[in-house]
Ligand SMILES: NC(=O)c1ccc[n+]([C@@H]2O[C@H](COP(=O)([O-])OP(=O)(O)OC[C@H]3O[C@@H](n4cnc5c(N)ncnc54)[C@H](OP(=O)(O)O)[C@@H]3O)[C@@H](O)[C@H]2O)c1
């Protein structure tokens with residue numbers, strides 16, 4: 001694969017690190033206006049660091065766009081004449097629909113949107129992917145890139161806003177749950193560091209159990225709730241206080257807000 005990351009900032013660097021670790025490319029162009037910040041990549045086999053987006057587009061066929069939304073239009077105008085039918089465009093840019101990108105570049109190109117979350121920095125992103133093609137090979141390329149950095153799910157583009165709430169904002173929601181668990185653990189006698197350790201690794205274990213078994217959460221809950229025991233006592237107390245309801249309402253409010261922001265941007 002000949003890949004270019006156009007705009008190698010926080011996200012672009014995480015993607016580049018994943019690709020370098022997996023060693024899956026023939027050449028990897030990393031672009032940025034100030035290339036000093038990419039010095040760490042220059043001695044990697046097959047990696048070319050440049051401030052020239054056109055050179056990167058001409059020498060590759062898979063383009064991953066990772067610039068800020070306000071920078072994308074200018075860059076697409078800059079490179080659109082260099083695009084061929086062999087190019088697959090993968091955009092990570094929030095709020096730019098496939099149709100909008102298509103209108104900016106003209107012609108008919110394979111365009112894929114990828115929505116990773118910040119856990120991409122540690123190779124644990126939940127990345128949703130949508131595309132304007134049924135071309136299995138092109139979708140597989142995008143999946144292969146983001147599978148080096150976590151888990152992927154191919155979704156319809158109209159679900160991208162919902163995916164942003166569940167997966168990107170979701171990181172913040174889960175952080176609050178972990179923080180609350182930490183606070184409770186401190187109240188129960190652990191020091192701050194121990195409390196956070198207990199909270200982090202217990203939540204990681206809970207998710208890992210579901211990933212490994214494919215079970216519904218309630219099946220795992222049944223295994224740790226004895227009749228009249230302490231777990232069911234705690235769970236029911238949390239539900240009386242609105243735990244599930246509060247989470248669902250919060251995520252729906254977040255979804256309503258993201259739709260308002262999108263309308264305001266249009
Ligand atoms: N961070 C995440 O986890 C995450 C998750 C999901 C989606 N996203 C999306 O990913 C995009 C990038 O986010 P980020 O946090 O990585 O932003 P960032 O750190 O600001 O990276 C953007 C990079 O683009 C470069 N750039 C700007 N203009 C350029 C040009 N004309 N040619 C080449 N490079 C150029 C900038 O470097 P120079 O100024 O040196 O050119 C900068 O390093 C955003 O649209 C965001 O919505 C990010």
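Rule-based calculations on the coordinates, nothing more; no lab input. Since the model is a prediction, treat every value here as computed from it, not as a measurement. Backbone-built Cβ (ideal geometry, glycine too); neighbour counts: all protein chains shown.
What angle, in degrees between 0 and 90 and rounded to the nearest 10, separates the Cα long axis of helix 243-265 from the longest principal axis of the Cα atoms of the chain?
20
What value in Å³ per residue do you get for the convex hull of the alpha-carbon atoms in region 30-160?
Value for region 30-160: 117 Å³ per residue.
If you count the DSSP beta bridges with both ends in region 2-155, what percent of them are antiparallel, to the nearest 5?
Roughly 15 percent of the beta bridges in region 2-155 run antiparallel, per DSSP.
Can you give the extra length, in nm with one decimal, that the chain gains between residue 162 and residue 100 once fully stretched, where that is 0.36 nm per residue apart less the Cα-Cα distance? Don't jump to the answer; show the numbers that get you there.
Values: separation 62, 0.36 × 62 = 22.32 nm, distance 1.89 nm.
Using 0.36 nm per residue and subtracting the Cα-Cα distance, I get 20.4 nm.
If you take every DSSP beta bridge whose two residues both sit in the chain, what share of them, in percent to the nearest 5, is antiparallel?
Around 15 percent of the beta bridges assigned by DSSP in the chain are antiparallel ones.
Expressed in nm to one decimal, what extension gain is obtained for the pair residue 231 and residue 151 from 0.36 nm per residue of sequence separation less their Cα-Cα distance?
Gain on stretching residue 231 to residue 151: 25.7 nm.
Could you state the orientation-averaged shadow area of the convex hull built on the Cα atoms of the chain, in nm² to one decimal?
16.9
With runs of 4+ DSSP H residues as the only contributors, calculate the mean residue ellipticity of the chain at 222 nm using -39,500 (n - 2.57) per run, divided by the residue total and rounded to the nearest 500.
So the helix-based figure for the chain works out to -16000 deg cm²/dmol.
If I take R0 = 30 Å and measure r between the Cβ atoms of residue 26 and residue 134 in this structure, what FRET efficiency does the formula 1/(1 + (r/R0)^6) give, to the nearest 0.05?
0.70
Full-extension gain between residue 172 and residue 198, please, as 0.36 nm times their residue separation minus the C-alpha to C-alpha distance.
Full extension from residue 172 to residue 198 adds 7.5 nm.
Is region 150-266 rounded, prolate or oblate when judged by the Cα gyration tensor, a ≥ b ≥ c being the square roots of its eigenvalues, rounded requiring a/c under 1.5 and prolate requiring a/b larger than b/c?
prolate
Given a Förster distance of 45 Å, report the FRET efficiency between residue 82 and residue 253 from their Cβ-Cβ distance, rounded to the nearest 0.05.
On the way: r = 43 Å, r/R0 = 0.96.
Rounded to the nearest 0.05, the efficiency is 0.55.
Rank by packing, highest mean first: peptides 14-24, 42-52, with packing defined as the count of other Cβ atoms within 10 Å averaged across residues.
Top of the packing list down: 14-24, 42-52.
Considering only C-alpha atoms, what is the centroid distance from region 36-82 to region 153-177, in Å?
Measuring centre to centre over Cα atoms gives 27 Å.
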